[in-house]
Amino acid sequence: MPAKIGKYTIELQTNPAVVGYAAVVGKKEGEGPYGKYYDQCHNDTTLGESSWERAESRLQNEAVHLALHKAGLQNTDIDCIFAGDLLNQCISSTFGLRSLDIPFLGQYGACSTMAQTLGIASLFVESGAALRAAAVTSSHFCSAERQFRYPLEYGGQRTPTAQWTATAAGSVILGARSQYLSAKIGMQAVTFGRIADFGVKDVNNMGAAMAPAAAQTLIDFFNDTGTAPQDYDLILTGDLGLVGSELLDDLMKQEGKDISPVHNDCGLMIYDREKQDAHAGGSGCGCSAAILCSAILQQMDAGQLHKVLFIGTGALMSPTSSQQGESIPGVAHLVYLKA
């Protein structure tokens, strides 16, 4: 059974096993630095569908099916699925996964959704509520732009601090350790973050809005576990981009914890910022999901990475709150994976 460490961290005693994972991306993402790691790269951002939203649903559906296939499982083998996305009422998840006939629990954590779904799925498997559980999330540049900013036809200019919403999806299948003793990667701990709001209102500078939440969750985890940044091979945030990553490093140094030697950010990894005109980097639920469910887990399976802290960061705003002049609250959830 899970046990609390300190005030905010939950230790997973049985270390639920990562038994399958997959990442599916669009054309721009496939052309980025990590293109070779993804399970599937689409050359058409519509994916042959009639709308951007249908295309995003298909991304998520394909990610789950590929993860199941790699795990040697069928949808009937999964006890529950945790999924979410950026769109109103999480329609990419509900419409994309409705055909699977798996008990569905929709999640919303903005861009922190991959860490949130993975953390909750871990707890379900750890507690025995599920023998196997799936975590999945997605985003699509065109569907997100239509909802949060301007339709593509508007042709609006992007500020230097703006990030490019990734067209991508990632999925992880978790199983009870008793059933998968040989699985190389296990879930060690989860720290669910508190909301942090430093008054940032610029929707084109999400990194600055989310960095304080990432710092707060990391500090909580280090204090609860008595560990330090140098105890880990990689501290992976997703997705702060250039501005937010630099701000996080500064905030952590102010707390006496220098993470810069082991810190990387999915928003900085997914695109070549110079060649692909991604401005401050990538964003969206699918950004961190695609990086985690491809290169990172592959490197852990290969023994190149052993201890990884994955911190999903989310900006908890909506078009309505922004139009009403509200600030952008941030949240960050942490999962500790060990090979």
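We did not get these values from a lab; they are worked out from the coordinates using the rules stated. Keep in mind the model is a prediction, meaning the values are calculated, not measured. Virtual Cβ from ideal backbone geometry, glycine too; neighbours counted across all protein chains shown.
Side notes on the structure shown:
- Stretched out straight at 0.36 nm per residue, the stretch from ASP101 to ALA302 would grow longer than its current Cα-Cα span by 69.0 nm.
- When the helices of the chain are scored as -39500 (n - 2.57) per DSSP H run of n ≥ 4 and the total is divided over every residue, the value at 222 nm lands at -9500 deg cm²/dmol.
- Extending 7 Å from the Cα toward the beta-carbon at both ASP258 and GLU326 defines two label points whose distance is 4.0 nm.
- Relative intensity, log₁₀ I(q)/I(0), of segment 67-204 from a Debye sum that treats every alpha carbon as a point, q = 0.16, 0.17, 0.20 Å⁻¹: -0.89, -0.97, -1.20
- Over the chain - Rg/Rh using Cα atoms and the Kirkwood inverse-distance radius: 0.94
- Here the simple spin-label model places points 7 Å from the Cα toward Cβ, and for ASP44 and ASP231 these points are separated by 5.1 nm.
- Cα-Cα over 27 Å, subset of LYS275/LYS307; LYS28/LYS184; LYS36/LYS184: LYS275/LYS307; LYS28/LYS184
- Counted charge near ARG58, where neighbours are those whose Cβ lies closer than 13 Å (Asp, Glu -1; Lys, Arg +1): -4
- Under-5 Å amide H pairs with ILE185, H placed in peptide plane, nonlocal only: VAL18
- Stretchable slack from SER182 to HIS65, in nm (0.36 nm times residue separation minus alpha-carbon distance): 39.9 nm
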